[in-house]
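The values are calculated or read from the model by the stated rules, or taken from the named source; none is laboratory data. Keep in mind it's a predicted model, so treat the numbers as computed, not measured. Note: ideal-geometry Cβ built from the backbone for every residue, glycine included; neighbour counts use all protein chains shown.
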Amino acid sequence: MARKLLTGYTTPFGSGAGVPKDQRPPAVKDSAERLSRPFRVPFANKNNNTGSRRLPVRNARTKVKDYKLLDIDEQGDDYGVGEDGEIYRNKKFGALLPRSMLKNELSRNNEETLRRSFTVPFSKKKQEALNDIITRGPPPPLGMKPRVIVPPRALYDPTSEFAIVLYDPTVDSIAHNEETSKKEESEDQENKENIENKEIPVERPSKRRRTHKSLAEILGICKNPEDALAKYPDVPVVIDPKLAKILRPHQVAGVRFLYRCTAGLVDPKAKGCIMADEMGLGKTLQCLTLMWTLLKQSPRGKKTIEKCIIVCPSSLVRNWANEIVKWLGEGVLTPLAIDGKSTKSSDLSGALQQWAVASGRNIVRPVLIISYETLRRNVDKLAGTHVGLMLADEGHRLKNSDSLTFTALNSLRCDRRVILSGTPIQNDLSEYFSLLNFANPGYLGSRNDFRKNFENDILRGRDADATEDEKNKGDKKLTELTQLVSKFIIRRTNDILAQYLPIKYEYVVFVGLSDMQKELYRHFITSPEIKKLLRGVGSQPLKAIGMLKKLCNHPDLLSLPGDIEGSEKYIPEDYIPVSGGHGRNKEVQTWFSGKFSILERFLYKLRVETNDKIVLISNYTQTLDLIEKMCRTKRYGSLRLDGTMNINKRQKLVDRFNDPEGPEFIFLLSSKAGGCGINLIGANRLILIDPDWNPAADQQALARVWRDGQKKDCFIYRFISTGTIEEKIFQRQSMKLSLSSCVVDEKEDVERLFSADNLKQLFEFQPETNCNTHDTYHCKRCSPEKQLEKSPAMLYGDSTTWNHLTHSTLSSNEDILLKNESNFSDVTFAFQYISH
């Protein structure tokens, strides 16, 4: 039974499912037989009368029945009889065929065309190309295909209108190549002289120069593609246009300096440098521009580096990742950000190992952002990995070359090391040497060599009691050191920001102690314990210093009367002591502290008369506790960031405060936890409650609000308790800053104000003075009542050039908060700095 033909669609697979039974196709029962048949091209043949040959039988011949040679014709060919009686087949031509067969000829030609092997359809005009392919021979075996040599070219157009060129091959040259060529020329000259004189036998050079070409060179075969690329000249290195259009002029100069150092154009043996710009000048953006350029370009047209490590404090890891997205765009560069606290140890170890072993095209995250602590603990995971560039943010953490952090970072295989630090000198020149030795190991010799050659003479010359010869020798050594180091350090001050940012008013406010503080302070420094300490018998000087600093902030920071023996008679009756740092009273007793009295009036005036926000910074979390308690009592909206806060929540808290619509106008910040690198441009006022021994810590904290993006005039206040140990700390900071300005800022006219002997007067108390620091200046511009003339120029690091405000002149200054303080007696004196 023949299979029933389908006249309509059934289902997509022809199974007939869902179709009525009378319309379904019959089941296939002879499938094996059908599959065993030979395949034929499915061309339809309109003529059903087919013979045994390929062509169909002519219609006229099918009607013939009585031809004599019909049996021969039925064989399918035309035959004839020759002269010798032999039968032969007649040749056929298409002209004699009937129309029906001419129609079937098209079908036959199509079938033959499909059976024919494929050939490239070249036209006659391209016959020469076909012959070339034929004569070239078979292609080379797999893996032997010659590499395509692509000449190096610049990634961006160096001739465009706003292009910033970091490397111009027509002007710059790689110093290493010049030295190598000069060395070879000098060696050739020496060999020639030796041969002419015949005095010294010429040693056979380690690498002989070939006089004949090799067979590969004769045949034009290049075995090493790098040799083929060597004949092409260098190409310019251009900053990415999307970064070039946002860089300011001083930032362009900074990027050029960074590139010249890391590319070896300054010194091929020393590729490290120090970016020592002051806070707020955009060190992050400059270093990101350098990193992006090295990851994408080089004078040879390919990338200079494959991997980069950014090491920073844990609170800034997320900030660096955000900065990459901010300046380069979303998805352009995906960093691996690890702060060590938000990642499990097992995942962290695997991620670091995977990043370390990745190479070539397997590098999907070329930038590793990691905290100092996490890198120190996991440096073994990165052992042996070649790192192209290392950026050490807040690099003053590397000031101690014996620390584990310094040792861990120094063990990494990295030649290009960039240190970011607004304060490279914090305490002494040894710390400065540690930073230089990390950036360029061995450049200044060992630490003992540096101390013997430079440090001792410079410090001896900077002392106020130095002789004239010691001063001259110190200045000479200082000049020599500056010449060596200036090639690898760039330093710009905040004065550059004057044309981009609003005016900054910075005040050093000298605050008088309250009556209770004065009595307790005088009693403590005259106690037997302090007398023993001054005689060298006591063993806990730091404890005594810490107690005095806390007392200057507020008596509640001490456990009275337990901490100070015999202090019961100096405690007022209305004073309610605290126990364990938590007061039983709900209200903070601000009237027992000069600083808190001023702070209370500041916050009230801000809340009532302005819409400004303020940042309050302290070295003690206990002080922040008191301020937070006062804010709750007054119902002031506040936020707090200290060391107890999770790393992941810190950036969210900062963003919340910077929101102009946010209800909180007070931000409490611990200088140790968040003083470095955090941008708080939502506020335009900042108060540093207490000073730190390290001037770098204070400078970092003071630079949180006057930064890029600030729209309002900024007011910065530093509270110093008059006549106390805090003034001595401030004076010590001035001495360190003068040392920094000599070495880093290269200022020559910094006055020698404080000798080493003055530091022994820490435990003296001068309640009668309005400002002991101003007394030591012997200021010629001031009378006891007021300042008579202004300084010709204000130097930020030298408070002798600032405006000096007595209590009577507070009412005429530019700040409404200090104007109001002229009605009270807590502020005894003030220094004022105006940015521009």
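Data for the structure
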| read-out | value |
| --- | --- |
| Single match in LEU333, LEU348, LEU295, LEU391 (criterion: hydrophobic (A, V, I, L, M, F, W, C), at pLDDT 90 or above, part of a helix (DSSP H, G or I) and at negative phi) | LEU295 |
| Residue in the stretch 440-452 that is farthest from GLY272 (Cα to Cα), counting only those that are surrounded by 15 or more Cβ atoms within 10 Å (Cβ to Cβ) and touching a residue at least 24 places away in the same chain (Cβ under 8 Å) | ARG447 |
| Verdict on LEU368 being within 14 Å of the chain's Cα centre (by Cα) and either within 26 Å of LEU285 (Cα to Cα) or part of a loop (DSSP other than H, G, I, E, B) (or both) | yes |
| Failed condition for GLU727, given (1) in contact with a helix residue (DSSP H, G or I) (Cβ under 8 Å, 6 or more places away or on another chain); (2) at pLDDT below 85; (3) part of a helix (DSSP H, G or I) | (2) |
| Filtered residue count, the stretch 240-275, keeping only those that are more than 20 Å from ALA154 (Cβ to Cβ), in contact with a Lys or Arg (Cβ under 9 Å, 6 or more places away or on another chain) and charged (D, E, K, R) | 2 |
| Flag for ILE598 being surrounded by 17 or more Cβ atoms within 10 Å (Cβ to Cβ), assigned to a strand (DSSP E or B) and modelled with pLDDT of 80 or more | no |
| Condition broken by ARG413, with the remaining ones in (1) at pLDDT 90 or above; (2) within 17 Å of the chain's Cα centre (by Cα) satisfied | (2) |
| Meets criteria (under 26 Å from PRO502 (Cβ atoms), touching a residue at least 40 places away in the same chain (Cβ under 8 Å) and charged (D, E, K, R)) for ARG650 | no |
| All positions within the stretch 329-339 that are touching a residue at least 60 places away in the same chain (Cβ under 8 Å) and either in contact with a Gly (Cβ under 7 Å, 6 or more places away or on another chain) or surrounded by 14 or more Cβ atoms within 10 Å (Cβ to Cβ) (or both) | ASP339 |
| Flag if TYR636 is more than 32 Å from the chain's Cα centre (by Cα), surrounded by fewer than 21 Cβ atoms within 10 Å (Cβ to Cβ) and at negative phi | yes |
| Residue within the stretch 281-291 that is at pLDDT below 90 and either surrounded by fewer than 19 Cβ atoms within 10 Å (Cβ to Cβ) or in a loop (DSSP other than H, G, I, E, B) (or both) present | yes |
| Selection from the stretch 491-523 of residues that are farther than 27 Å from PHE602 by Cα, surrounded by fewer than 20 Cβ atoms within 10 Å (Cβ to Cβ) and of a type outside the set (S, T, N, Q) | ARG491, ARG492, ASP495, ILE496, TYR500, ARG522, HIS523 |
| Filter result for the condition that a residue is more than 22 Å from ARG413 (Cβ to Cβ), under 15 Å from the mean Cα position of the chain (by Cα) and not acidic (Asp, Glu), over LEU295, LEU247, LEU258, LEU285 | LEU285 |
| Candidate set: the stretch 196-245, residues that are in a loop (DSSP other than H, G, I, E, B) and among the acidic types (Asp, Glu); chosen: the one modelled with the lowest pLDDT | GLU199 |
| Tally, over the stretch 250-270, of residues that are within 19 Å of PRO169 (Cβ to Cβ) and part of a loop (DSSP other than H, G, I, E, B) | 5 |
| LYS652 vs. criteria assigned to a helix (DSSP H, G or I), assigned by TED's automatic domain parsing to the domain that holds ARG707 and either within 35 Å of the chain's Cα centre (by Cα) or at pLDDT below 85 (or both) | yes |
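Conditions (1) within 23 Å of GLU661 (Cα to Cα); (2) touching a strand residue (DSSP E or B) at 6+ places or on another chain (Cβ under 8 Å); (3) surrounded by 23 or more Cβ atoms within 10 Å (Cβ to Cβ); (4) assigned by TED's automatic domain parsing to the domain that holds ASP826, marked per residue:
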residue: ILE681; (1), (2), (3), (4): yes, no, no, yes
residue: PRO691; (1), (2), (3), (4): no, yes, yes, yes
residue: ALA697; (1), (2), (3), (4): no, no, no, yes
residue: GLN700; (1), (2), (3), (4): no, no, yes, yes
residue: PHE715; (1), (2), (3), (4): yes, yes, yes, yes
residue: THR724; (1), (2), (3), (4): no, no, yes, yes
residue: GLU727; (1), (2), (3), (4): no, yes, yes, yes
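Listed here are the residues, each with its yes/no results for (1) surrounded by fewer than 17 Cβ atoms within 10 Å (Cβ to Cβ); (2) modelled with pLDDT under 80; (3) not in a loop (DSSP other than H, G, I, E, B).
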site	(1), (2), (3)
LEU533	no, yes, yes
VAL537	yes, yes, no
GLY546	yes, no, yes
CYS552	no, no, yes
GLY566	yes, yes, no
LYS586	yes, yes, no
ILE617	no, no, yes
LEU624	no, no, yes
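Table: residues versus (1) out of contact with any Cys (no Cβ under 6 Å at 6 or more places or on another chain); (2) on the phi > 0 side of the Ramachandran plot; (3) in contact (Cβ under 8 Å) with a residue 12 or more places away in the chain.
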{"position": "THR800", "(1), (2), (3)": "yes, no, yes"}
{"position": "ASN803", "(1), (2), (3)": "yes, no, yes"}
{"position": "THR806", "(1), (2), (3)": "yes, no, yes"}
{"position": "ILE816", "(1), (2), (3)": "yes, no, yes"}
{"position": "LYS819", "(1), (2), (3)": "yes, no, no"}
{"position": "PHE829", "(1), (2), (3)": "no, no, yes"}
